[in-house]
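Reviewing the structure listed below.
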Amino acid sequence: MFTRFKLKRTKYQIAAGTAVFLCLLLFSSWFILPSQNEAKHSKNGTSVTLDNREVTLIDSVYFEDKQRLEMDFYVSISDVTQLKNVEVSVNKTGEASKKYNTKLIKINESFYVLFVQDLPKNWKSVRVTLSQEGADKDALVATGKPFYAAQKEVLHQATFKPKSEAYYESKQIDLFIQESEKTIVKNEKEISALLASNKKIKKVNEEIRSNLSYQTKEKQEAMTTTIQGNESTIAMQLSKIDELKTTNNELRSAIDKAKNKQKVLDWL
């Protein structure tokens, strides 16, 4: 009798343990596995390739009063002779058949402003597919690499106020200034590294020369070759330093001109 009771209790323990394990596994999967309904979103600065051009998302804003989403894009110019206008298709994420009304404004060849209009109040995420004029939009929606905007992730503003083209041109100038300043900092770091490298190489050459006199002829020739190679490296690095300094001077001049133009735009 005791053996039967023990066996029966063991079966219940195994069943209960299995049930607890499955519950824990299901509960933990909610944290480990991404939800299929999770709203997709592209952060500002995200880029995709559009044929031979690169498109970068600059900003995303949702205006609550108009239920309107604004997305600003910077489009690189690779070949002026092949330039085409950019077009757009916007769908509900996960539902290609659900399309939204859009208005795409071309500020200039490299700056576009997209308005996704009449969004439902409970919208979660939209899928934005850009294409060049003449492309098969349906095929691109199916295969192209899109941008996404999620309501919970984009910046919200209570009211929509129309903005002038001058405002967006100024915004584009801000982008140019930011990128130029990043390049200047990067170049300055490279200049410092090259100067430090040249200093080390010169010290090595001085040490080699100080030990040159008492070496064998064969060793002296090898050491002389090393010195010449090091001096060639120094010359190349000095040339690179001059090139980087010239680039930075040109960028600083361009930034000054851009800021002056921005002042004019701010008056418009």
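The values are calculated or read from the model by the stated rules, or taken from the named source; none is laboratory data. Because the structure is a prediction, the values reported are computed rather than measured. FYI the Cβ positions are ideal-geometry reconstructions off the backbone, even for glycines, and counts take in every protein chain you see. Ligands, DNA and RNA are stripped out before the accessible areas are found, and what is left, the full protein with its side chains, is counted by its heavy atoms. Shrake-Rupley method; radii C 1.70, N 1.55, O 1.52, S 1.80 Å.
Under a straight-distance cross-link criterion of Cα-Cα below 20 Å, which aspartates and glutamates are reachable from Lys217, leaving out those fewer than 8 residues away in the same chain? Cα-Cα hits under 20 Å: Glu206, Glu207.
Packing, as the average of other Cβ atoms within 10 Å across residues, places the peptides 225-233, 127-135 in the order 127-135, 225-233, highest first.
Dipole orientation for the stretch 119-255: of the candidates Ala166, Ser125, Thr226, Ser125 has the Cα lying most toward the positive pole (charges on Cβ; Lys, Arg +1; Asp, Glu -1). In the complete set of protein chains, residue-level accessible area for Val80 is approximately 110 Å², probe 1.4 angstrom. When a 1.4 Å probe is rolled over the protein heavy atoms, the share of accessible surface on the stretch 81-193 that falls to carbon and sulfur comes to 50 percent. With 29 Å as the limit on Cα-Cα distance, the pairs of Lys199/Lys259; Lys99/Lys152; Lys186/Lys263 that go past it are Lys199/Lys259. Legend: residues Met71, Met223, Met236, sorted from most to least accessible area (1.4 Å probe; ligands, DNA and RNA excluded), read Met236, Met223, Met71.
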